[in-house]
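Here the structure comes first, spelled out in structure tokens, and everything after it is commentary.
Computed from the coordinates by the stated procedures, all read-outs in this text should not be read as laboratory data. These numbers were taken from a predicted model, which means no experiment stands behind them. Note that each Cβ is placed from the backbone with ideal geometry, even for glycine, and that neighbours are counted across all protein chains shown.
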Amino acid sequence: MEKLSIPSAESTTFTYVDGHETSISEVTFAPKKLYFTIISEMSLFLYNYHQKRQERYKQVIDRFQKKTNQNSSESEQTKTKYIGISKEILEAVLLKLHAFETQKSYLDQDLSLSNLAKQLGTNSSYLSKIINQSKGKSFKNYLNDLRIVHAHAQLKDNPQKRKFTIEAIAFDNGFRSAESFSKKFKERYEMYPSVYLKSLSA
């Protein structure tokens, strides 16, 4: 009886390798190639996605900024339109008002809305509207507040001014009477000037 001839594992392997050398190479390296291809494509996809997100984000920011600037511009235009004065005139008068305050011209007892308007190169109606809009108060209150704040600062910082009578202090700060000065002083600082003077000397 003949023995079955069973080829050894070694001879089988060599036979397979000899006959299918190219196939083994392909089987061995194909998964690596596929892996790197997937990684490359994923990286490219993520990069493109990130770029699109950045572009979208930039567009949103640009739109927001444009809208904010537009709203700000519209708000400014609405304000000037509401009081019926051009932006150029408004800015010019506000600049002159600032100089008026800095030079303490408000201490003039004879100052009125009409003569101040002439000094600033505008008219009474425009000046009244501009003060109402920018200062949030009437011309009279605007003037009185400037004078009271000035008087308060003088009494606090200058001991010589404390020797004056209430009437003299009132006249010195643009008021025509001690009574009106005392009343406005109390409205702002919740005490009469006489009481304030006593607190300074205490």
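Here are the numbers:
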item	result
Selection within segment 177-202 - within 18 Å of LYS140 (Cβ to Cβ), among the hydroxyl-bearing types (Ser, Thr, Tyr) and surrounded by fewer than 15 Cβ atoms within 10 Å (Cβ to Cβ)	SER177, SER180
Segment 167-191, residues that are touching a residue at least 24 places away in the same chain (Cβ under 8 Å) and more than 21 Å from LEU111 (Cβ to Cβ)	TYR189
Unique match (being loosely packed, with under 15 Cβ neighbours inside 10 Å and within 33 Å of the chain's Cα centre (by Cα)) among SER138, SER124, SER134, SER128	SER138
Residue check for ILE85: surrounded by 15 or more Cβ atoms within 10 Å (Cβ to Cβ) and assigned to a helix (DSSP H, G or I)	no
First in segment 127-155 and farther than 24 Å from ILE169 by Cβ, second anywhere and among the small types (Gly, Ala, Ser) and not in a helix (DSSP H, G or I), Cβ under 9 Å, 6 or more apart	SER128/SER138; LYS129/GLY84; ILE131/SER138; ASN132/SER138
